[in-house]
Amino acid sequence: MFTPKYPPQDTAPIPTTSIPTTYSATAYVPAPAPVSNRPTVQLTAGSTLALAVGGGALVLVVGAVLVSMLLAVAITAASVAVCAVTVRSILESDRR
């Protein structure tokens, strides 16, 4: 029940090909290059300029967002530190 069952061996005949032992310089003919069906992208001066301006604007927007997030974290950390010092001084004054 638990023994593996192997498929029967392939009974197709082994193809026999004769490989020529000598080659001549004229026997090799290179195949033509495949033709691509994809359209090629043509970049004009206007489209290149538009890509450069769009990329620059994207970098500026992402940079502004990251800087504002960093600034928000810094302001939050400073306010938490001020609150901690205030609460600590209040608790110190109550003990005296």
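Since every read-out is calculated from the coordinates, none of them should be taken as a lab result. These figures come from a predicted structure and were not determined experimentally. Here the Cβ positions follow ideal geometry from the backbone for every residue, glycine too, while neighbour counts run over all protein chains shown.
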- Query: Dipole of the chain, Cα-centred, from +1 at each Lys and Arg C-beta and -1 at each Asp and Glu C-beta, to the nearest 20 debye?
  - Reply: 240 debye
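Using a ≥ b ≥ c from the Cα gyration tensor of the chain (square roots of the eigenvalues), is it rounded, prolate or oblate, where a/c under 1.5 gives rounded and otherwise the larger of a/b and b/c decides, a/b for prolate? Mind dumping the intermediate values first?
Details: a/c = 5.59, a/b = 1.94, b/c = 2.89.
Verdict is oblate for the chain.
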- On a 0 to 90 degree scale, rounded to 10, what angle separates helix 45-95 from the longest Cα axis of the chain? 40 degrees
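When the chain is fully extended, how far beyond the present Cα-Cα distance does Ala50 get from Asn37, taking 0.36 nm per residue of separation? Mind dumping the intermediate values first?
On the way: separation 13, 0.36 × 13 = 4.68 nm, distance 2.69 nm.
Extra length from Ala50 to Asn37 when fully extended: 2.0 nm.
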- Message: Which one, Ala57, Ala77, Gly46, projects farthest toward the positive side of the charge dipole computed for the chain from Cβ point charges (K/R +1, D/E -1)?
- Response: Ala77
- Along Cα→Cβ, 7 Å out, is where each label goes; now give me the distance between the ones at Thr17 and Glu92 in nm to one decimal. 8.9 nm
